[in-house]
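Okay, structure first, notes after.
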Amino acid sequence: MRKQILIVGGGYVGMYVAMGLRKLVRSGEVAVTVVDPRGYMTYMPFLAEAVGGSIEPRHVAAPLGQVLKGMRVLTGRVTRVDHEARSAEFQPVQGPARTIAYDILVMAAGSITRALPIPGLAEHAVGFKSIGEAVHLRNRVLAQLAAAASTDDEQIRRRALTFVVVGGGFSGVEALAEMQGLADEAVRYHDGIEPADLSWTLVEANDHILPELHADLGLWTVDALRKRAVDVRLGTRLTSLAGGVAVLSDGTEIDAGTLVWAAGGRPSPLAAASGLPVDRTGRVLATEYLTIQGVEDAFTAGDGAAVPDLTRPGEYTAPNAQHAVRQGKLLGRNLVAYVRGRRLKPYRHAYLGSVAGLGHHQGVAQVYRIKLTGVLGWLAHRAYHLGWVPTARHKAAVLADWLLAGVFRRETVRLEAIEHADEDFRQAVAEGQAAATIHRADATIRPAEVDATVRPAEAVERPGADARQAPAA
């Protein structure tokens, strides 16, 4: 009888695990179901370049249905898992919820945005964890420049040109760098605005940024950003965003037209809600074989899993793409071994280092003990991540984007309409209905009853005028 494998999450881990199971699917030994809210895998390290316009947003997303042929891909959310019953509650994007039965579970739900109870955060901040948010942020930057160039109100102009990013990790630093690069390019098309008119602030609660890199590279990055007129606030927290005004823990108040929240993530709460063993942060407790501790027929890996780091006894692997991809691939092989009754292999990977792109052809990279900055760091960042982009098609698309971006200037058109594509249609329908109402009102008044000098529209505006002007009988 075929084993039913349920993979919760279609990110790095979910997709690579499923790809590793293709031999079992072809042989008919298993049937695989992958559940993901979006239906595609996002290559997160290139989100910032999608904001900056160096990469087309579609090229950082791999459609799961296209990549995982022969497997069932469901778009929606698993809301609860009952592992004792080997069943999961699935809520599709449309229609009623239903139950999915399985034999083996792979919990790869990953992480979600870590939001804090800060006044005004939900109403005024912009997130940065998905393609949709990257597209929105790109449009936001360009729209703010257009707004500043189109107003005579100095307060509105200053607010529109003020940008704040909260979070000094890879996401926050790269987002700010690419936003600044996009804005510096776009201002040339707006009379009266210069790059020096824009205000950029990076807020980080710790006393350093890019914590996964060597401290020297973090200091170099701070210096590089400050040379580009970025106000880097270390040891500082956002305490309020009420009314769109960013209040910092050092007492500074910034009337920010755009505030990006990139202060990290937290594990998906699904595992804890489903009764699976988790640590104090909510990560699923894993063994070195990527099985869930004390649970049969259950596996986990990635951002939402506490995986022992065998290269550093007593510690856990960092929640980053480097580990997630490698864990996903090993987990796929271990599942093949598990189904066929073979021994599992432990996850052991010495951390190679990290890379970060800073826009403006700058970057930082650490590979073992080798440290690269500037152009060399930027090239190392691109080369490293290109190697991990899934599928040859996506690699070619990203390379083509970079080639075009190197030959031509950045495209600075803003496509805000795609975020609310139905607004024009709905407005047209509303106007059409209003016009039809006026037309029906006109039709109730016979021509003989209307003075020939009064236009129909005027008659509607003064419906009692004709009666008042008519001679008494």
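The values are calculated or read from the model by the stated rules, or taken from the named source; none is laboratory data. None of these values were measured; they are calculated from a predicted model. Note that we place each Cβ from the backbone using ideal geometry, even for glycine, and neighbour counts take in every protein chain shown.
Out of curiosity, is Thr221 crowded, with 21+ Cβ neighbours inside 10 Å and over 23 Å from the mean Cα position of the chain (by Cα)?
Yes, satisfied.
In the stretch 398-428, which residues are at pLDDT 80 or above, in a helix (DSSP H, G or I) and surrounded by 10 or more Cβ atoms within 10 Å (Cβ to Cβ)?
Val398, Leu399, Ala400, Asp401, Trp402, Leu403, Leu404, Ala405
On the given criteria, is Arg468 more than 30 Å from Leu68 (Cβ to Cβ), modelled with pLDDT under 65 and either within 37 Å of the chain's Cα centre (by Cα) or of a type outside the set (Val, Ile, Thr) (or both)?
yes
Take the residues in the stretch 310-335 that are without any contact (Cβ under 8 Å) to a residue 40 or more places away in the chain and surrounded by 16 or more Cβ atoms within 10 Å (Cβ to Cβ), then tell me which one is farthest from Val13 (Cα to Cα). Don't jump to the end; show me each part of the working.
From the stretch 310-335, those without any contact (Cβ under 8 Å) to a residue 40 or more places away in the chain are 310, 312-317, 322-323, 326; that's our starting set.
Within this subset, residues satisfying the condition of being surrounded by 16 or more Cβ atoms within 10 Å (Cβ to Cβ) are 316-317, 322-323, 326.
Details: Tyr316: 17, Thr317: 14, Gln322: 11, His323: 9, Arg326: 8 Å.
Per the criteria, the residue is Tyr316.
Quick check on my filter: what residues within the stretch 89-104 are within 26 Å of the chain's Cα centre (by Cα) and surrounded by 15 or more Cβ atoms within 10 Å (Cβ to Cβ)? Spell out how you get there, then give the answer.
In the first step, residues of the stretch 89-104 are kept if they are within 26 Å of the chain's Cα centre (by Cα); the result is 89-95, 97.
Once the filter is applied, which keeps residues that are within 26 Å of the chain's Cα centre (by Cα) and surrounded by 15 or more Cβ atoms within 10 Å (Cβ to Cβ), the stretch 89-104 yields Glu89, Phe90, Gln91.
Name the pairs whose Cβ atoms lie under 9 Å apart, with the first residue in the stretch 202-216 and in contact (Cβ under 8 Å) with a residue 24 or more places away in the chain, the second of a type in the set (Val, Ile, Thr) and assigned to a loop (DSSP other than H, G, I, E, B), and 6 or more positions between them or separate chains?
Within 9 Å, the pairs are Leu202/Ile209; Val203/Thr236; Glu204/Thr236; Ala205/Thr236.
Restricting attention to the stretch 185-196, which residues are in contact (Cβ under 8 Å) with a residue 40 or more places away in the chain and of a type in the set (D, E, K, R)?
Glu185, Asp191, listed by residue number.
All but one of (1) without any contact (Cβ under 8 Å) to a residue 24 or more places away in the chain; (2) assigned to a loop (DSSP other than H, G, I, E, B) hold for Thr99, so report the exception by its number.
So Thr99 meets the others, but not (2).
Could you count how many residues in the stretch 336-362 are at negative phi, assigned to a loop (DSSP other than H, G, I, E, B) and touching a residue at least 40 places away in the same chain (Cβ under 8 Å)?
The total comes to 9.
Can you tell me which residue among Leu276, Leu285 is over 21 Å from Gly168 (Cβ atoms) and part of a loop (DSSP other than H, G, I, E, B)?
Leu276
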